[in-house]
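Any read-out appearing in this document is the output of simple, stated calculations on the displayed coordinates, not a laboratory observation. Note that this is a predicted model, so its numbers are computed, not measured.
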Amino acid sequence: MFASTLKKMGLDIVDQLNPSKTPFFGIVPGNTATPIGQVTLPVAFGTRENFRTKYVRFEVVNLESSYHAILGTPALAQLIAIPHYVYLLLKMQGPKGVLTFRGELKKSHDCDQEAIEYASTTRVPDTSGEVLVAVQQLSQSEMEIPSQRSGQTKIRPTNEVSTKTVQLHEGNSSKTAVIGGGLDPK
């Protein structure tokens, strides 16, 4: 969630922010967003007849964006929600059936255009200088590239476990799997 959005909503949650030091990526290309804190807020989804309220944790970031809030993978998993990005749909189970939320294509396009404009005018830090300094501090042996690949290791069961080799593809003995022999037949 963005600090400017909280101000527009009239929410004064500065005293409710918990520390957060996990930067995340993808809001502004090339830049990381470092949260000023995180807050857990109740969010209601649906209509008066069929709604669901959940407490969702938001990372609060102090930057301008065309988005008000972004529901990431943890929130979608908590809500057991299924997004469909092509059709701008979000579905989740409600107490009286499936809740379906449809996005507006025009508004989505406008937000994308605003995000592209914002990203193109935002300065991306030049990290190549930092990389050059770090490389210059490496010794010659640390900069050597290994001439051979490390061999692939195969996991082998211990002798204490009985195993069985199963052919996965009929007629092709090179495609096999080794399974434990003491497994339940189900």
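Summarising the amide proton neighbourhood of residue 61: residues at separation of 5 or more, or on other chains, whose placed amide H is nearer than 5 Å comprise 2, 3, 36. 3J(HN,Hα) along the stretch 83-98, derived from phi through the Karplus expression 6.51 cos²θ - 1.76 cosθ + 1.60 where θ = phi - 60°, amounts to x, 10, 5, 5, 8, 6, 10, 9, 10, 8, 7, x, x, 10, x, 6 Hz, with x in place of Gly and Pro. For residue 93, the amide hydrogen comes within under 5 Å of the amide hydrogens of 99, counting only partners 5 or more places away or on other chains and with H modelled in the peptide plane. With 0.36 nm allotted per residue and the present C-alpha distance subtracted, the residue 51-residue 141 stretch has 26.2 nm of extension available.
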